[in-house]
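First up is the structure itself, then whatever we jot down about it.
Laboratory data are not the source of any read-out in this text; all were calculated from the coordinates shown. Since the model is a prediction, treat every value here as computed from it, not as a measurement. Don't worry about glycine lacking a Cβ; one is built from the backbone with ideal geometry, like all the others, and counts go over all protein chains shown.
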Amino acid sequence: MIALEANNLRKTYCLNNQRVEAVKNVSLNIVSGEVVAFLGPNGAGKTTSIKMMAGLIKPDSGWTKISGINPHRNPRALEKLGAVLEGNRNVYWRLTPQENLEYFGVLKGLNHSQARKSGIALLERFGLQNKRRTAVQQLSRGMQQKLAFAVALVHQPKVVLLDEPTLGLDVEATEEVKILVREIAASGCAILLTTHQLDIAEKLADRIVIIQKGEIITELPTDELISKFSGNTYQIEMESVLDEVRITKLEQIGVEVEEKRIIYVNQPELIYQVFDIMKPLQLKFVEKAEADLTQIFLKLVKEGK
Amino acid sequence: MLELFFAELRCSWIQFRRYPFESIAQIVITSAIFYGLFLGAGYIADSNIQLGDRLDSIIIGYVLWILVNFVIANISGGLQIEAQTGTLEQLFLSRYGAVKIFLMRGLAYLTLEIINIIIILFIIILLTCSRLYFPAILVLPFITVLLGAYGFAFIIGSIALLLKRVQQVLPLFLFPLLFLLTIPTETWEGTAGLFAKFIPMTPGVGLLRDLMARRENLNLITLVIAFINGIVYFAMGLFLFRVAEKEAKRRGILSGY
């Protein structure tokens, strides 16, 4: 089931008497349970696109639907949407986590009793039950972010927008956020995530969408994108440094040796010849060298320029 | 909408209870300002000055002006703070819409602020030895003043939504309003009297002065005029706020400046 649809979104701003096309033509569909990472350099149009999908910015043209309802025409669409927005606090610092959840639960369409029950369950799920009566301003940044997640989920939305959810978090809190995102997706929510931390996008996303200068330049499932940019190179690392005789033999068959320990085999058919030359030395590991998302992203963005 | 009202009321009560010093400071400062002005006026004129119902009229105007200040601060000031602290966009992600949220918030806040207003009024009465009359019927013109106050607050709120900072602009509205609410516009005649009926809240304030200070009966025609005045400003405020919301979304400036 398509949880979020965006079709030909366009947005132009007038800045200092100049027209700036922030978003030129963005179309996107996300199904329930899918995590889509929306990546792009600064100023590419990610936040504008997300906010148009959330009903916070009016597109100049195009439309968006959340579970089949356009949020710009019918505010009931917002009952299906939760968001954690970057650069925002997202919660009230003078209130406690429980009070925030009860308040925002009602704002998102629940009655007080439902908001209270949902809030208690979320506090337990997010490990905040001991802090439920502590004012948010006294919580750590990681706890505040977890609370922001909880507030986004209090009304059990179908779509969750996460704009830089790990920004400013330490390593432990970042790992907790990653686990939360997986759990939220597993419960059937469609997630649209923007982040500059590409390793997180690579681990969490089912699909990668890269935007540059307001246009989508790539949209592929994560595995497919990485395979597309990964060659057939094998990387072999030895436990100890190779002798000069072996290095010479390897170079003669057309294999690259780095730091006298790491061997790159570009032609897969040579791999067993390499193993014969290496016998009986100890191998540390053998793996197919895959491109990582950072390399792919930088390559695509550079090509886009 | 009742659920929303009670959620806002709970929120307001939590903050009222958790930060009592803010209410106490509000009461003390507001009462002290008036008493300072009162003593100053007495010194300038004559220490035995007897203002009679004129003092009562000024007290009513001043207290209502304070009420209007509170309403405006709650809506437009609140909006500004929400934009600065980064919770404004979360409010716009609610299915209720910003207008209903701010209206219910304003009403919930008023429900508790009324206590402060009553305390301020009684402190001023005690300090100035004024005598005011409180007939039950005063609720009707009070409602007309509230309608006008909320309409005015939403008009300023619509400016706050687009500009995000209204601190410098606010005195331009509030101080002329003090003048208009404390002087007895209901005694103006001719063109001036007709003009006074178009000024926000003044017909309702005039009626309250008639009832509470002059102990006159309620004039039904003036009450109808006061209701029309209140409803027109209220509708104008809501309309302008919706227009500002649409414009803020078109410009992409809901958050930040």
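Dividing the C-alpha radius of gyration of chain B by 2.2 N^0.38 Å, with N its residue count, gives 1.05. Each of B:ARG95, B:ARG215 was scored by other Cβ atoms within 10 Å of its Cβ. Listed from fewest to most, they are B:ARG215, B:ARG95. Placing a pseudo-label 7 Å from each Cα along the Cα-to-Cβ vector at A:LEU167 and A:TRP63 gives an inter-label distance of 3.1 nm.
Its Cα gyration tensor gives chain A an equivalent ellipsoid, and the semi-axes of that ellipsoid, as √(5λ) in whole Å with the largest first, are 45, 25, 16. Given the -39500 (n - 2.57) contribution per DSSP H run of 4+ residues, what per-residue ellipticity at 222 nm results for chain A, rounded to the nearest 500 deg cm²/dmol? The helix contribution divided over chain A gives -10500 deg cm²/dmol.
Inter-chain neighbour count for A:42-55: the average number of beta-carbon atoms from partner chains within 10 Å of each residue's beta-carbon is 1. Each residue, B:ILE81 and A:ARG116, gets one label point 7 Å from its Cα in the Cβ direction; the gap between the two is 2.6 nm. Between the residues B:VAL166, A:ALA185, A:VAL265, the greatest Cα displacement towards the positive end of the dipole of the protein assembly as shown, with unit charges on the Cβ of Lys, Arg, Asp and Glu, is found for B:VAL166. Highest GNM mean-square fluctuation among B:LEU220, B:LEU240, B:LEU170, for chain B modelled with Cα contacts below 10 Å: B:LEU220. Here the mean projected area of the convex hull built on the C-alpha positions of the protein assembly as shown is 34.6 nm². Of the GluC sites (Glu not before Pro) found in region B:104-191, those that fall in a DSSP loop while having at most 14 other beta-carbon atoms within 10 Å are B:GLU189. For B:VAL169 and A:ASN42, what does the FRET efficiency come to when R0 = 25 Å and r is the distance between their Cβ atoms, rounded to the nearest 0.05? Efficiency, rounded to the nearest 0.05: 0.15.
With N as its number of residues, region B:1-127 has a Cα radius of gyration that, divided by 2.2 N^0.38 Å, comes to 1.30.
Charge tally for B:GLU82 (other residues, Cβ to Cβ under 11 Å; Lys, Arg +1; Asp, Glu -1): +2. The residues neighbouring B:VAL99, those whose beta-carbon lies less than 9 Å from its own, together hold a net charge of +1 under the Lys/Arg +1, Asp/Glu -1 convention. Applying 1/(1 + (r/R0)^6) with r as the Cβ-Cβ distance of A:ARG133 and B:TRP13 and R0 = 25 angstrom yields a FRET efficiency of 0.95.
Given A:ASN42, A:ASN29, A:ASN130, which one lies farthest toward the positive end of the charge dipole of chain A, if we put +1 on the Cβ of every Lys and Arg and -1 on the Cβ of every Asp and Glu? After comparing all options, I get A:ASN130.
Mean partner shielding of peptide B:82-89, defined as the number of other chain Cβ atoms within 10 Å of each residue Cβ, is 5. For the protein assembly as shown, the Cβ-based charge dipole about the Cα centre amounts to some 1560 debye (Lys, Arg positive; Asp, Glu negative; other atoms uncharged).
Relative intensity of region A:231-289 on a log10 scale, I(q)/I(0) at q = 0.22, 0.31 Å⁻¹, equals -0.79, -1.70, per a Debye sum over C-alpha point scatterers of equal strength in the absence of solvent.
Toward the positive end of the charge dipole of chain B, about the Cα centre and with charges on Cβ (Lys, Arg +1; Asp, Glu -1), which of B:CYS129, B:MET236, B:ILE117 goes farthest? Positive-end residue among those listed: B:MET236. Here region A:133-285 is assigned +1 on the Cβ of each Lys and Arg and -1 on the Cβ of each Asp and Glu. Its dipole about the Cα centre then comes out at about 540 debye. Between A:ASN70 and B:LYS246, the FRET efficiency estimated from the beta carbon spacing at R0 = 22 angstrom works out to 0.90.
The charge dipole of chain B, taken about the Cα centre with unit charges on the Cβ atoms of Lys, Arg (+1) and Asp, Glu (-1), comes to about 700 debye, rounded to the nearest 20. Region A:221-237 and region A:124-164 have Cα centres lying 37 Å from one another. Between region B:71-143 and region A:256-294, how many Å separate their Cα centres? Rounded to whole Å, the Cα centres lie 74 Å apart.
In this rough spin-label picture, where each label sits 7 Å from Cα along the Cβ direction, the B:ARG215-B:PHE134 distance is 1.7 nm. Exceedance of the 32 Å cut-off in Cα-Cα distance is limited, within the set A:LYS11/A:LYS108; A:LYS11/A:LYS117; A:LYS146/B:LYS249; A:LYS146/A:LYS288, to A:LYS11/A:LYS117; A:LYS146/A:LYS288. Averaged over the residues of peptide A:71-77, the number of Cβ atoms from other protein chains lying within 10 Å of each residue's Cβ is 2. Placing a label point 7 Å from the Cα of A:GLU287 along the Cα-to-Cβ direction, the residues of region A:177-204 whose backbone N falls under 16 Å from that point are A:199-200, A:202-204.
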